[in-house]
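S.K.: Sending over a structure as C-alpha cells; questions will come in a sec.
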C-alpha cells in the first residue's frame, strides 16, 4: 500500500508551545505547591533528562498550564536553541509547566502514533522537514506555523506499529552494545592507569 503524505497540522490536533515569559522564581527542589518546569535543556532524543530540572510555584504554573497541558505519551519537541529538533515522548505522569522553547504535540491516535512521529523526526529526512525553515541568526528556532506545515509519510497504523517495534528492538540492541563497549573501555582505562602507576613508582621494570 502506498504511504500517504500529510502535514502535521492535519494529523495533530494540538501543536502548541509553552510559556512565553519566564517565572519570577525557580526552585531546585520539589516541594508542596511546586511543579516541574520543563525547558529545552531537559528534552533529549527519546527521553526527558531531569538531572538539572527546576520547579515553579503554583501561581506561575496555574497561569500557563491551561495553554499547554502535557499528558503521558504526548510528543515533546525542542523548537528553540542549540538542541532544536530533539524529540521524545512524555513519560511524566503529573502536571508540569513548559517553556516556549518546547513544543507539545498531540497526535490523532487513529492516524498517527506518537512514537512513529518521534522516530521519524530523528531520521535525516524527518529532521530536515521539521527544521528546514528555521528562523533566527544567533538562536535558531522553528516557529509553530512551520511545524504544522511540515509533512510526514503516513503508513497505515498496523505498519506504523511494526516500524516502531522494529526500531525499539534495534535501539535496545544498540544500547546493550554501547554499554558493553563502555564497560570494556573503562576496564582498558583502568589497565592504562595501573600501567602508568607502575611506571612511575619503579615497579614496572623491577627497579624497586
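The values are calculated or read from the model by the stated rules, or taken from the named source; none is laboratory data. These numbers were taken from a predicted model, which means no experiment stands behind them. We place every Cβ from the backbone using ideal geometry, glycine too, and count neighbours over all the protein chains shown.
S.K.: If you take the residues of the range 40-57 that are surrounded by 13 or more Cβ atoms within 10 Å (Cβ to Cβ) and more than 11 Å from the chain's Cα centre (by Cα), which of them is nearest to residue 30 (Cα to Cα)?
M.R.: Filtering the range 40-57 for residues that are surrounded by 13 or more Cβ atoms within 10 Å (Cβ to Cβ) and more than 11 Å from the chain's Cα centre (by Cα), the one nearest to residue 30 (Cα to Cα) comes out as 55.
S.K.: Can you pull out every residue in the range 131-145 that is over 19 Å from the mean Cα position of the chain (by Cα) and modelled with pLDDT of 90 or more?
M.R.: Passing the criteria: only 145.
S.K.: Among the residues of the range 18-26, is any without any contact (Cβ under 8 Å) to a residue 60 or more places away in the chain, surrounded by 18 or more Cβ atoms within 10 Å (Cβ to Cβ) and assigned to a strand (DSSP E or B)?
M.R.: Scanning the range 18-26, I find no residue that is without any contact (Cβ under 8 Å) to a residue 60 or more places away in the chain, surrounded by 18 or more Cβ atoms within 10 Å (Cβ to Cβ) and assigned to a strand (DSSP E or B), so the answer is no.
S.K.: Among the candidates 108, 74, which residue alone is at pLDDT 95 or above and under 17 Å from residue 144 (Cα atoms)?
M.R.: 74
The rows are residues; the columns are (1) out of contact with any helix residue (DSSP H, G or I) (no Cβ under 9 Å at 6 or more places or on another chain); (2) in a helix (DSSP H, G or I).
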| residue | (1), (2) |
| --- | --- |
| 104 | yes, no |
| 116 | no, yes |
| 119 | no, yes |
| 127 | no, yes |
| 147 | no, yes |
| 153 | no, no |
| 161 | no, yes |
| 175 | yes, yes |
